[in-house]
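Following: one structure in structure tokens, then a few remarks.
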Amino acid sequence: MAARLRAGMAASIMNDKKNYGFTTTILHNDRRKPIEHGSLHKPVHTSVAFGYNDARQLASVFQGKEPGFRYGRQGNPTVAALEDKITRMEDGLATLCFATGMAAIGALFQALLRKGDHVVSSSFLFGNTNSLWQTAAGQGVDVAFVDATDAANVEAALTPATRMVFVETIANPRTQVADLARIGQLCRERGILYVVDNTMTTPYLFRPKSVGAGLVVNALTKSIAGHGIALGGALTDTGVFDWTTYPNIAPNYQRNPPAQWGMAQLRAKALRDFGASLGPEAAHHIALGAETLALRMERTSANALALAQMLEADPRVGAVHYPGLASHPQHALASGLFRTCGSLFSFELTDGIDCFDYLNRLTLGIPASNLGDTRTLVIPVAHTIFYEMGAERRASMGIAESLIRVSVGIEDTADLLEDFRKALQA
């Protein structure tokens with residue numbers, strides 16, 4: 001009885017209309033709805049099947065006439081709680097979670113594009129995203145890669161068949177900043193779906209809805225989870241895009257209210273049919289990590305700026321790429337868009353300093369391929385995550401052979417500065 005009373009009181013407290021801050025909202029979001037046994041967190045529901053006492057209710061859930069769970073591939077109470085949390089982070093309409101961030105991006109291709117469609121994408125992309133668009137091009141979707149730091153380049157690439165414009169907020173790893181607001185205005189004027197990958201900034205530093213993005217991508221594995229122990233990705237519908245203008249929505253998904261058309265087709269095509277589903281255990285880990293997102297981003301951003309400034313001032317460093325530096329080509333643009341410029345930067349060593357030897361001299365910087373971790377991670381870009389695309393493509397993206405990507409963690413600032421400075425002393 002006491003547990004039920006506490007759960008009921010928690011639900012009523014969080015169902016009021018008060019506009020809480022970012023962290024308060026994320027911390028208490030699970031409590032907006034009653035949780036089993038008064039738990040403070042949504043429990044891990046491992047069942048893949050959900051039974052109903054009334055067969056008519058089961059049919060009603062399948063037909064979308066009432067809420068409920070059909071089968072674990074399409075949804076789960078633990079995953080649904082995380083989806084609601086991400087939706088509130090992005091001030092969106094609805095969110096779908098996927099097994100990985102790449103699965104979320106792949107869902108765009110799988111569920112929303114057809115042979116003959118045209119996509120305009122930033123040429124400054126995470127290597128795997130670039131590879132995915134190359135795969136799409138090989139299957140009949142025309143993809144134009146442009147320098148998205150200037151909206152004029154996007155506009156010049158548009159065709160009557162353009163269905164989507166795709167950009168990252170801050171490019172990984174060279175940190176180019178897309179001309180986000182002007183591209184958003186262009187997409188609104190042309191009625192084109194605008195998709196923004198918010199992974200590098202996270203919803204705490206920037207909300208793509210503010211520049212007109214219809215769909216937002218987040219690789220939950222990275223900063224939102226923050227601990228490097230769970231894979232996950234998400235697509236959030238911001239409610240900005242008019243799905244009645246999108247020609248690829250199948251008639252059976254148009255039975256839903258128009259605002260739900262996109263999510264309905266994505267859930268069916270990318271989760272039900274393609275099976276790129278997030279497991280409940282991973283969803284639980286990500287939800288717990290998300291609670292400290294704002295705290296971690298403040299610390300990692302401050303560490304990144306201090307480290308980038310120190311390296312830029314050292315004559316043994318040839319270049320540092322971080323939007324928080326005044327020397328960055330899009331510094332003014334980034335300063336007007338983002339709360340801070342995030343935890344990721346890259347730098348190039350001067351000739352004569354071997355990048356592998358430098359990395360091996362680091363004590364705190366760990367050679368690893370993830371980013372957004374609580375620990376500082378480093379990687380030689382051209383020789384690892386961008387190796388497959390070849391030297392010519394790397395050069396076109398500004399990827400120098402000595403480029404080192406740094407995902408800055410929450411270590412004490414002085415310790416990081418000393419570690420990276422001492423490693424320069426061969």
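The values are calculated or read from the model by the stated rules, or taken from the named source; none is laboratory data. Small disclaimer: the values here were computed from a predicted structure and weren't measured. In this analysis, Cβ positions are derived from the backbone assuming ideal geometry, glycine residues included, and neighbour counts consider all displayed protein chains. Side chains included, ligands, DNA and RNA excluded: accessible areas come from the protein's heavy atoms. Shrake-Rupley method; radii C 1.70, N 1.55, O 1.52, S 1.80 Å.
Every residue in the range 114-143 that is aliphatic (A, V, I, L, M) and either at pLDDT 95 or above or touching a Phe, Trp or Tyr at 6+ places or on another chain (Cβ under 9 Å) (or both), please.
VAL119, VAL120, LEU125, LEU132, ALA136, VAL141, VAL143
Of all residues being surrounded by 12 or more Cβ atoms within 10 Å (Cβ to Cβ) and charged (D, E, K, R) in the range 5-35, which is modelled with the lowest pLDDT? Just the residue, please. Checked the range 5-35; the qualifying residue modelled with the lowest pLDDT is ARG6.
As a summary of the residue check, LYS422 satisfies the conditions (1) open to solvent by 10 Å² or more (accessible area, probe 1.4 Å); (2) at pLDDT 95 or above; (3) within 19 Å of THR129 (Cβ to Cβ) except for the one numbered (3). Against the numbered list (1) in contact with a strand residue (DSSP E or B) (Cβ under 6 Å, 6 or more places away or on another chain); (2) part of a loop (DSSP other than H, G, I, E, B); (3) without any contact (Cβ under 8 Å) to a residue 40 or more places away in the chain, THR159 comes up short only at (3).
Report yes if some residue within the range 183-196 is under 16 Å from the mean Cα position of the chain (by Cα), touching a residue at least 40 places away in the same chain (Cβ under 8 Å) and closer than 25 Å to MET263 by Cβ; otherwise report no.
Yes.
Check whether at least one residue in the range 166-180 is in contact with a strand residue (DSSP E or B) (Cβ under 7 Å, 6 or more places away or on another chain), polar (S, T, N, Q), open to solvent by 20 Å² or more (accessible area, probe 1.4 Å) and part of a loop (DSSP other than H, G, I, E, B), and report yes or no. Checked the range 166-180: no residue is in contact with a strand residue (DSSP E or B) (Cβ under 7 Å, 6 or more places away or on another chain), polar (S, T, N, Q), open to solvent by 20 Å² or more (accessible area, probe 1.4 Å) and part of a loop (DSSP other than H, G, I, E, B). Selection over the range 379-418 of residues that are farther than 14 Å from PHE345 by Cα and of a type in the set (Lys, Arg) gives a count of 2.
Those residues that are in contact with a strand residue (DSSP E or B) (Cβ under 9 Å, 6 or more places away or on another chain), of a type outside the set (D, E, K, R) and assigned to a helix (DSSP H, G or I), I need them from the range 246-281; list them, please. Talk me through it step by step, then tell me what you get.
First, the residues of the range 246-281 that are in contact with a strand residue (DSSP E or B) (Cβ under 9 Å, 6 or more places away or on another chain): 246-248, 259-260, 262-263, 266-267, 270-272, 276-278.
Restricting the remaining residues to those that are of a type outside the set (D, E, K, R) gives 246-248, 259-260, 262-263, 266, 270-271, 276-278.
Once the filter is applied, which keeps residues that are in contact with a strand residue (DSSP E or B) (Cβ under 9 Å, 6 or more places away or on another chain), of a type outside the set (D, E, K, R) and assigned to a helix (DSSP H, G or I), the range 246-281 yields ALA259, GLN260, GLY262, MET263, LEU266, ALA270, LEU271.
Among the residues of the range 243-266, those identified as in contact (Cβ under 8 Å) with a residue 60 or more places away in the chain and surrounded by 20 or more Cβ atoms within 10 Å (Cβ to Cβ) are GLY262, MET263, ALA264, GLN265, LEU266. Among residues of the range 277-297 that are at negative phi, those with a beta-carbon under 6 Å from a residue that is part of a helix (DSSP H, G or I) and of a type in the set (Phe, Trp, Tyr) at least six positions away or on a different chain give the pairs LEU293/TYR204; ALA294/PHE22; ALA294/TYR204; MET297/TYR204. Has the range 337-357 got at least one residue that is free of Cβ contacts under 8 Å to residues at least 24 places away in the same chain and in a helix (DSSP H, G or I)? Checked against the condition, which is being free of Cβ contacts under 8 Å to residues at least 24 places away in the same chain and in a helix (DSSP H, G or I), the range 337-357 yields no hits at all.
Give me a count of the residues in the range 374-426 that are assigned to a helix (DSSP H, G or I) and of a type outside the set (S, T, N, Q). Spell out how you get there, then give the answer.
Looking only at the range 374-426, we keep the residues that are assigned to a helix (DSSP H, G or I), and these are 381-383, 390-396, 413-423.
If we keep only those that are of a type outside the set (S, T, N, Q) too, we end up with 381-383, 390-395, 414-423.
Number satisfying all stated conditions: 19.
Considering the conditions (1) touching a residue at least 40 places away in the same chain (Cβ under 8 Å); (2) surrounded by fewer than 14 Cβ atoms within 10 Å (Cβ to Cβ), GLY138 is excluded by exactly one of them, (1).
The residues listed here are LEU205, LEU215; of these, the one that is aliphatic (A, V, I, L, M), in contact with a Ser or Thr (Cβ under 9 Å, 6 or more places away or on another chain) and farther than 18 Å from LEU108 by Cβ is LEU205. Among the candidates LEU288, LEU278, the residue that is at pLDDT 95 or above, surrounded by 19 or more Cβ atoms within 10 Å (Cβ to Cβ) and within 30 Å of HIS41 (Cα to Cα) is uniquely LEU278.
Listed conditions (1) of a type outside the set (Val, Ile, Thr); (2) part of a helix (DSSP H, G or I); (3) open to solvent by less than 20 Å² (accessible area, probe 1.4 Å); (4) more than 15 Å from LYS422 (Cα to Cα) are all met by LEU333, apart from (3). For ASP91, the criteria (1) under 13 Å from the mean Cα position of the chain (by Cα); (2) among the acidic types (Asp, Glu); (3) at positive phi hold in every case but one, which is (1).
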